[in-house]
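Read through the structure below, which is laid out as structure tokens, and then see the notes.
Values quoted throughout were computed directly from the atomic coordinates according to the rules given, and no laboratory measurement underlies them. Everything numeric in this text was worked out from a predicted model, so none of it was measured. Don't worry about glycine lacking a Cβ; one is built from the backbone with ideal geometry, like all the others, and counts go over all protein chains shown.
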Amino acid sequence: MDLLQLKEVSIGYRRDRPLFAPISLTIRQGDLLGILGPNGAGKSTLVKTLLGLVPPLAGTVGLPLQRRPRLGYVAQGARPDFAYPLSVLQVTLMGRAAHLGLLKRPASADRALALAQLDAVGLAALAAAPFRSLSGGQQQRVLVARALTAEPELLVLDEPTSEMDPAAEHALLSLVSSLVASRNLAVMFVTHQISAAAGFASQVVLLDKAQRTVECGPTEALLTSARMSALYGRPVEIRRENGRALVWLSAGEPNVQGGAR
Amino acid sequence: MSFWEARFLWQEPMLAALLGAALLGYLGFFVVLRRIAFMSAALSQLSGLGVAASFLAGSFAGIAPHDETPWWLSPTTFAFLFAYAGAALVTLPSRSKRVSSESMVALGYLGASALVMVVLSSPRIAQEAHEVGDLLFGNAVVVKREDLVQLAIAAAVTLSLHALFFRSFLFASFDPETARVSGVPVRRMDLLLHLTLAMSIAVATRALGALPVFGFVVLPAGAALLFSERLHLVLALSVGLSMLCAALGYYLSWTLSLPTGSVMVALAAGVFALGGLKRGLERLR
């Protein structure tokens, strides 16, 4: 089932200066879409346009469901204010806002759902802990749990693993990958890690800052050594062995290993 | 005459101080966390400018500051209008990257403070200026019944709205971008929050004075955040500490013949310092 359809959408903040050529893209249930591109290419702006936070400069963002799909969102560098005296569960429960509307209060079913999502990211034991007492990686996982508490049809993660160590990053992306299968939701994640996109995404969107172009397609067709080298302007080598993607960012050692797919 | 025997003199000012302290202590939770302490000072000055402007307008209509005025020309109406306009202006999205909302608040504070003096120096109302001082910025020692009633109404309206929308105010303050994606009308929630703040400050300033209002909005909530990391406890402490400082401050000022508003604020600052001391000791462990 289609969730969102971008038709010839121009993206940017100034009408006379779109970030790249118009983009057409359909997001369907079950898609696991990786968005890659160098710094400043417009990855977050693309995400914000899809989420309705930034209006498109031209073109249309179609809603095949005749309504906005239910969204779960983790913003880039999402480090909410440490000063707020909120528990991990209270932060997670904010994910119910779209279901509860402005006036309803969370019921026990909402709390149970939030706890289940915390359990899914391995933090149920810290539900009562102050959110600000957690490490950056743990906070990021709480924000993912909050996004899942929204029971999203489309989960949007803008650099979700930027605060995480490799093990936590792999665990989170594995979780997201399993959710795509078990809950039949669509996931779109922005990443700087070529290996993360190579290992987990079924499709990728490549934003080329120099050429101001966008390419969308199956991961294995687009994530090639030649294409990545051109995109980042430095030698990148990608090898696929036994279902794993290995990525070298420069001649020599592989500095990032992709997950199983 | 003992403090208790003189209660007929201080009952209403004490009630106003407790009510104002509770209301402002609660609102302080958002003021401190959203880092808009200076905005509360600007709103207080703007409401004062509204009062001064109503006197000036009244002088053109031949009405003296202490005379009965029609509602549309009353100091309260003008105080609300000026404070609401200030709150709305701060909430509007800034189109200029060169002028931050902080600069707008500073402009409001400085502009209002200066204009109050200019208006009060006008020959049209200069002869009543000595009376206007208390009308502008209140006096916690003597509170008029009318001010107490207005304070009670403002508290009832503010707390009712916050009871309904607290969750949305909190989400919109904590993580506005995700709140927007989740369907929370962040800008409208911000405006509503700022308008309740403007209303409460405009009324409380006239009843208690500018200094206690600023003190109650900032210090008890700041102290509560140092004492606890639990949402409900922080809210309860913020309100409770604020009321404690108001009551104890009034008592001490009465018995020791000290300026009331200043004693209240000094106590609140002391509580804040205690919170800082507690946090400092925790870090040393």
**Message:** Considering all projection directions equally, how large on average is the shadow of the alpha-carbon convex hull of the stretch A:119-261, in square nanometres?
**Reply:** 9.6 nm²
**Item:** Cα-centre dipole for the stretch B:7-277 with unit charges at Cβ (Lys and Arg positive, Asp and Glu negative), debye to 20
**Value:** 720 debye
**Per-residue HN-Hα couplings for the stretch A:214-225 [Karplus 6.51, -1.76, 1.60; θ = phi - 60°; Hz; x = Gly/Pro]** = 10, 10, 10, x, x, 4, 5, 6, 9, 7, 10, 4
**Message:** Rounding to the nearest 10 and keeping the result within 0 to 90°, find how far the Cα-based axis of helix A:136-149 lies from the longest principal axis of chain A.
**Reply:** 80 degrees
**Average silhouette area of the stretch A:160-207, convex hull of alpha-carbon atoms, in square nanometres** = 3.3 nm²
**Prompt:** Cα to Cα, under 13 Å, and not fewer than 8 places away if on the same chain: which aspartates and glutamates meet these conditions relative to B:Lys144?
**Reply:** B:Glu12, B:Asp134
**Fill in**
In order over the stretch B:75-89: 3J(HN,Hα) from phi, Karplus 6.51/-1.76/1.60, θ = phi - 60°, whole Hz, x for each Gly or Pro, gives x, 5, 4, 5, 4, 4, 4, 5, 5, 4, 4, x, 5, 5, 4
**Asked** Which value, in debye to the nearest 20, gives the size of the charge dipole of the stretch A:81-149 about its Cα centre, when Lys and Arg are +1 and Asp and Glu are -1 at the Cβ?
**Response** 140 debye
**Request:** Within a 10 angstrom radius of each residue's Cβ in B:228-238, how many Cβ atoms of other chains show up on average? Whole number is fine.
**Result:** 3
**Prompt:** Taking the alpha-carbon set of the stretch B:141-268, what are its Rg and Dmax in Å?
**Reply:** 16.5, 55
**Prompt:** Can you list the residues, at least 5 places off or on another chain, whose amide H is less than 5 Å from the amide H of A:Val204, using H built in the peptide plane?
**Reply:** A:Gly34, A:Gly217, A:Thr219
**Mean projected area (nm²) of the alpha-carbon convex hull when the stretch A:81-149 is viewed from all directions** = 4.4 nm²
**Message:** 5 Å is the cut-off here: which amide hydrogens, built 1.01 Å from N in the peptide plane, fall below it relative to A:Gly59, excluding neighbours closer than 5 in sequence?
**Reply:** A:Ser10
**Fill in**
To the nearest 20 debye, chain A has a Cα-centred charge dipole, built from +1 on Lys and Arg Cβ and -1 on Asp and Glu Cβ, of 640 debye
**Asked** For the protein assembly as shown, with the dipole built from +1 on Lys and Arg beta-carbon atoms and -1 on Asp and Glu ones, taken about the Cα centre, which of B:Val218, A:Gln5, B:Val149 lies farthest toward the positive end?
**Response** A:Gln5
**Item:** Inter-centroid distance (Cα atoms) of the stretch A:157-178 relative to the stretch B:160-238, Å
**Value:** 35 Å
**Request:** List the pair-distance distribution P(r) of the stretch A:42-193, using every Cα-Cα distance, as the percent of pairs falling in each 5 Å bin from 0 up to the bin containing the longest distance, rounded to whole percents.
**Result:** 2, 9, 18, 22, 21, 15, 8, 3, 1, 0
**Item:** Compactness of chain A - radius of gyration and Dmax, Cα, Å
**Value:** 18.5, 58
**Fill in**
As a percent rounded to 5, the proportion of antiparallel DSSP bridges among beta bridges in chain A is 60 percent
**Prompt:** With chain B treated as a Gaussian network of Cα nodes joined by springs under 10 Å, which of B:Gly261, B:Gly48, B:Gly275 yields the largest mean-square fluctuation?
**Reply:** B:Gly275
**Cα centroid of the stretch A:47-122 to Cα centroid of the stretch A:186-253, whole Å** = 28 Å
**Request:** Excluding residues fewer than 8 places away in the same chain, name every one of the lysines whose C-alpha is closer than 17 Å to that of A:Lys43.
**Result:** A:Lys209
**Asked** Given just the C-alpha atoms of the stretch B:7-277, how large is their convex hull per residue in cubic angstrom?
**Response** 138 Å³
**Fill in**
Here the alpha-carbon Rg of the protein assembly as shown over 2.2 N^0.38 Å rounds to 1.18
**When the stretch B:27-119 is reduced to its Cα atoms, the Kirkwood hydrodynamic radius in Å** = 14.1 Å
**Stokes-Einstein translational diffusion, the stretch A:1-120 - Kirkwood Rh over all Cα pairs, 0.890 mPa s, 25 °C, in µm²/s** = 145 µm²/s
**Request:** Nearest 5 is fine: what % of DSSP beta bridges in the protein assembly as shown come out antiparallel, could you say?
**Result:** 60 percent
**Prompt:** Under a GNM of chain A (C-alpha, springs under 10 Å), which listed residue has the highest mean-square fluctuation: A:Arg146, A:Arg105, A:Arg132?
**Reply:** A:Arg105
**Request:** Could you work out the per residue convex hull volume over the alpha carbons of the stretch B:195-285, in cubic angstrom?
**Result:** 93 Å³
**Complete:** Residues whose modelled amide H sits under 5 Å from the amide H of A:Thr26, counting only those 5 or more places away in sequence or on another chain, are A:Leu6
